[in-house]
1. What are the residues in segment 225-239 that are outside any loop (DSSP other than H, G, I, E, B) and either over 23 Å from Gln41 (Cβ atoms) or open to solvent by 30 Å² or more (accessible area, probe 1.4 Å) (or both), if any?
2. Can you say whether Arg168 is in a helix (DSSP H, G or I) and either open to solvent by 20 Å² or more (accessible area, probe 1.4 Å) or in contact (Cβ under 8 Å) with a residue 24 or more places away in the chain (or both), as far as the supplied structure shows?
3. Which condition does Val222 not pass, out of (1) among the hydrophobic types (A, V, I, L, M, F, W, C); (2) part of a helix (DSSP H, G or I); (3) out of contact with any Lys or Arg (no Cβ under 9 Å at 6 or more places or on another chain); (4) closer than 22 Å to Phe127 by Cβ, if it passes all the others?
4. Given the conditions (1) open to solvent by 10 Å² or more (accessible area, probe 1.4 Å); (2) among the polar types (S, T, N, Q); (3) more than 23 Å from Asn56 (Cα to Cα), which single one is not true for Ser242?
5. Any residue in segment 207-217 that is assigned to a helix (DSSP H, G or I) and touching a Phe, Trp or Tyr at 6+ places or on another chain (Cβ under 8 Å)?
6. Check segment 88-101 and report whether any residue there is of a type in the set (Lys, Arg), within 21 Å of Leu188 (Cα to Cα) and either in a strand (DSSP E or B) or open to solvent by 20 Å² or more (accessible area, probe 1.4 Å) (or both).
7. Given the conditions (1) farther than 18 Å from Arg176 by Cα; (2) crowded, with 21+ Cβ neighbours inside 10 Å, and given that Met316 satisfies all but one, which numbered condition is not satisfied?
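The values are calculated or read from the model by the stated rules, or taken from the named source; none is laboratory data. The shown structure was predicted, so the numbers you read here are calculated from the model rather than taken from an experiment. When we count neighbours, we look across all protein chains shown, and the Cβ atoms used for this are built from the backbone with ideal geometry, even at glycine. Each accessible area value is taken on the protein alone, full model and side chains, heavy atoms only, with ligands, DNA and RNA left out. Shrake-Rupley method; radii C 1.70, N 1.55, O 1.52, S 1.80 Å.
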Amino acid sequence: MQYDPSNAVPNMLSAAGASAAATAAIKPRAQGPLVWLDMDQQQLDDAYDQIVYAPNRDQVGKRRVANSKNTRAVLGMPQRVAYGPSEIEKLDIYRATQSNAPVNVFVHGGAWRANQGADYAFLAEPFVNTGAHYVILDFTNVDEAGGSLFPMVEQVRRAVAWVFRNARSFGGDPTRLYLTSHSSGSHLAGCVVTHDWRKENLPLDILKGATLGSGMYDLRPVRLSKRSKYVKFTDEMEEALSPQRHIDKLHTPLILAHGTYETPEFQRQTRDFYAAIKAAGKPVEFIVGEGYNHFEMLETLGNPYGLLGRAVVAQMGLTGRQSSLR
């Protein structure tokens, strides 16, 4: 489903805030001073706290881990390779049987401070079966990085560069490199697609396409929220790592997505990033998952017939090529 936000009803809560709105109706609370748009501090904090809008977070997380274990039982253990000097800088390669196959790199979320690549293996199976290698990244977290997001961004960029330079070593085609991401991983991915790759002596169009789901693309409101308790935001960080402010460096066709049961800010962030890219005349599509919350949206990526799975398979030109070898 392609979506034009100009037709959207400008209701910040909409369906995404149904449960929170219902709670508020039961226990009325006087609104405090506005901190961001029409939100006071508590509303803004809630808008960057997924559990407020997705109470099934832990259930979906357990399902993700279990399904990833099942995927490894089917595909076998991935090829694990170091892409950088530190212990955490490793990636898992789930290989397709085809040679010279396209490659998709996944950047996981977790509020910049949680999760590991192994727990997202379930995403690999549909892509491997459709004829693509799937690469899942591990990288440091903001707590280990002393509150800075810079090391995370630098590592993810380094990983993408490694995959491009080494794709042929595992049967991949470096000229068909794609990116997928979710949540805070989509913030990091946004910093990848707006990076000046000439600094690494790599082509500007290193990525032929990217699908960023349920992300954040401007750090100003995040800095004002309770996430500032563990992220040591600075003016430099806010400016350098806000992808929406660097669209001039964007050379990758994008698909942006969110669910209708996401927090109001995650919906707005995606709408605004889409609108800014479209206004700049650069290729971008918008997908809205009707009835999906933040964590449920990711599950659709792990299904070739799911909302995001179908979109990425089409973006990679793999439609109709599902392998019968597995």
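1. Lys226, Ser228, Lys229, Asp235, Glu236, Glu239
2. So Arg168 passes the test.
3. (4)
4. (1)
5. Looking for residues that are assigned to a helix (DSSP H, G or I) and touching a Phe, Trp or Tyr at 6+ places or on another chain (Cβ under 8 Å), one finds none in segment 207-217, hence no.
6. Yes, because at least one residue in segment 88-101 is of a type in the set (Lys, Arg), within 21 Å of Leu188 (Cα to Cα) and either in a strand (DSSP E or B) or open to solvent by 20 Å² or more (accessible area, probe 1.4 Å) (or both).
7. Here Met316 meets the rest and fails (1).
Let's see how each residue does on (1) open to solvent by 10 Å² or more (accessible area, probe 1.4 Å); (2) under 18 Å from Gly213 (Cβ atoms); (3) modelled with pLDDT under 95:
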| position | (1), (2), (3) |
| --- | --- |
| His251 | yes, no, no |
| Gly259 | no, yes, no |
| Gln267 | yes, yes, no |
| Ala275 | yes, yes, no |
| Glu296 | yes, yes, no |
| Leu301 | no, yes, no |
